[in-house]
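The block underneath contains the structure these notes are about, expressed in structure tokens.
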Amino acid sequence: MCPAWVFFGILSVAVGSRHSFHEITIGDNLPRCSNIDLVYTWVNGSAGHHAPIQKLDTLNAEGIHRFRNMDELYYSLRGVERYMPYIRRVFIVTNGERISWLKSSEWKVPIEYVYHKTIIPPSDHISRNSLAIESFLHRIPGLSEFYVYLNDDCLITNYIDPKLLFDGPVVPNRNGCYVLDPHGSYRSIFPVERRNAPGIQQYGQYKRKCGHYFAIQNSNLLVNVMLGSDVTRQYPKHSFVTFRRSVMESLEIVLKRNAKDPVRTKRSISVINTEGYLAANNYFPGWYKQLDFDSGGLFAYVPLKNNQSLSVLCNELDRRPLTLCINDILDRAFEDNTVLVPFISTLHKILNDFFQTDSPHVR
């Protein structure tokens, strides 16, 4: 098991001299309410009915790993509940599936399901294309102007001040809530890797790349056209993403073609990359994102490849980053349940210890 957790009373998010975001304070100083919503996308990958869709994906969507469910969402929600107590509402976007262990009455934050058919234009296929789903999250009924998007494998592992997400004017109120003005100007953070992303120079050179690669490349070409410039950009980091609903409504016209494909293809466009780099270049009135190369290690990524990956996970949890993405890329040996089940059991024990909770299915 992991060593005892180190608690950071105050965590600075001012990494180097790139930006002046204020310090992250301890949980007792965070507001308990806001008009910020949080959105997850979720697929029940353990149900088996996704297999025909997988066969359509000829661009190496990581096979079974792409949709396998290890109850990561349970621990991600625990992190949101503890370290983001101001979140107004959580929306979980699914294809009509329900989560067996999720009883909304047991959670402090209100949780609602949203089905694909409610937000995605009608089509003749079931979508397992995360980019198609992300392109229409702004259509969620009742969604706030200000929302955070998380993959279900992204864990919140330290306190996140709402000013890091949306920094700007706060509407005065009696409850001390972090209430944002839908008509106000705000800035946020766009965590990126130092790894250069493909652009026009690499177009057509890599025929065996995955759908994610082409989505980033197509996004960069689109951003070039919209900004009228061609520069080298970096891959977005695996972490939270902040959005404004009105901004995403304005981008729907260029992103809606993602809905045409049930899986990611060579034609796909990255939603996060497109919105992020446009916002970082002042494309949207009243909405700016500052690039952050994360030299302070605030946004961790642990690919779960084998049993040794669990030691890396323990070390990262000890370090207490803001977010920690645990991406399932397990070796083929783990397709055998006699190997996979003990791995998941150990993973749950580690996360139960960190979040001081039980595994979802024993509740």
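The values are calculated or read from the model by the stated rules, or taken from the named source; none is laboratory data. What you see is a predicted model, and the numbers here were worked out from it, not measured in a lab. Every residue, glycine as well, gets a Cβ built from its backbone with ideal geometry; the counts of neighbours run over all protein chains shown.
Just to be sure before I move on: is N273 buried (at least 16 other Cβ atoms within 10 Å of the Cβ), over 16 Å from the mean Cα position of the chain (by Cα), within 20 Å of S130 (Cβ to Cβ) and in contact (Cβ under 8 Å) with a residue 60 or more places away in the chain in the structure I sent?
Working: buried (at least 16 other Cβ atoms within 10 Å of the Cβ): yes; over 16 Å from the mean Cα position of the chain (by Cα): no; within 20 Å of S130 (Cβ to Cβ): yes; in contact (Cβ under 8 Å) with a residue 60 or more places away in the chain: yes.
No: the conditions fail for N273.
With respect to N224, is the statement that it is in contact with a strand residue (DSSP E or B) (Cβ under 7 Å, 6 or more places away or on another chain) and among the polar types (S, T, N, Q) true?
no
Going through Y213, Y235, Y301 one at a time, which residue ends up being among the aromatic types (F, W, Y) and in contact with a helix residue (DSSP H, G or I) (Cβ under 7 Å, 6 or more places away or on another chain)?
Y235
Only residues that are farther than 30 Å from T242 by Cβ, of a type in the set (S, T, Y) and at pLDDT 95 or above: list them for segment 317-363, please.
Scanning segment 317-363 gives T338, S345, T346.
Given the structure, is P191 surrounded by fewer than 19 Cβ atoms within 10 Å (Cβ to Cβ) and either of a type in the set (G, A, S) or at pLDDT 95 or above (or both)?
On the way: surrounded by fewer than 19 Cβ atoms within 10 Å (Cβ to Cβ): no; either of a type in the set (G, A, S) or at pLDDT 95 or above (or both): yes.
For P191, the condition - surrounded by fewer than 19 Cβ atoms within 10 Å (Cβ to Cβ) and either of a type in the set (G, A, S) or at pLDDT 95 or above (or both) - is not met.
In segment 172-188, how many are assigned to a loop (DSSP other than H, G, I, E, B), at pLDDT 95 or above and among the charged types (D, E, K, R)?
Summing the residues that are assigned to a loop (DSSP other than H, G, I, E, B), at pLDDT 95 or above and among the charged types (D, E, K, R) in segment 172-188 gives 1.
The conditions are (1) modelled with pLDDT of 95 or more; (2) touching a strand residue (DSSP E or B) at 6+ places or on another chain (Cβ under 6 Å), and L278 fails exactly one of them. Which is it?
(2) is the only condition that L278 fails.
May I ask you to verify whether L330 is touching a His at 6+ places or on another chain (Cβ under 9 Å) and not in a strand (DSSP E or B)? Steps first, answer last, please.
Numbers: touching a His at 6+ places or on another chain (Cβ under 9 Å): yes; not in a strand (DSSP E or B): yes.
Yes; evaluated as a whole, the condition is true for this residue.
Within segment 103-122, track down each residue that is more than 14 Å from L137 (Cα to Cα) and surrounded by 14 or more Cβ atoms within 10 Å (Cβ to Cβ).
W107, V109, I111
Please go through segment 332-345 and pick out each residue that is touching a helix residue (DSSP H, G or I) at 6+ places or on another chain (Cβ under 9 Å) and either over 17 Å from V312 (Cβ atoms) or loosely packed, with under 14 Cβ neighbours inside 10 Å (or both).
If the condition is that a residue be touching a helix residue (DSSP H, G or I) at 6+ places or on another chain (Cβ under 9 Å) and either over 17 Å from V312 (Cβ atoms) or loosely packed, with under 14 Cβ neighbours inside 10 Å (or both), then R332, A333, E335, V339, L340 are the ones that fit.
Among the residues of segment 306-329 satisfying the criterion of being surrounded by fewer than 18 Cβ atoms within 10 Å (Cβ to Cβ) and among the charged types (D, E, K, R), which is farthest from M70 (Cα to Cα)?
Here the residue is R319.
Name the one entry in N306, N282, N273 that is out of contact with any Gly (no Cβ under 9 Å at 6 or more places or on another chain), part of a loop (DSSP other than H, G, I, E, B), polar (S, T, N, Q) and closer than 25 Å to F146 by Cβ.
Matching residue, one of N306, N282, N273: N282.
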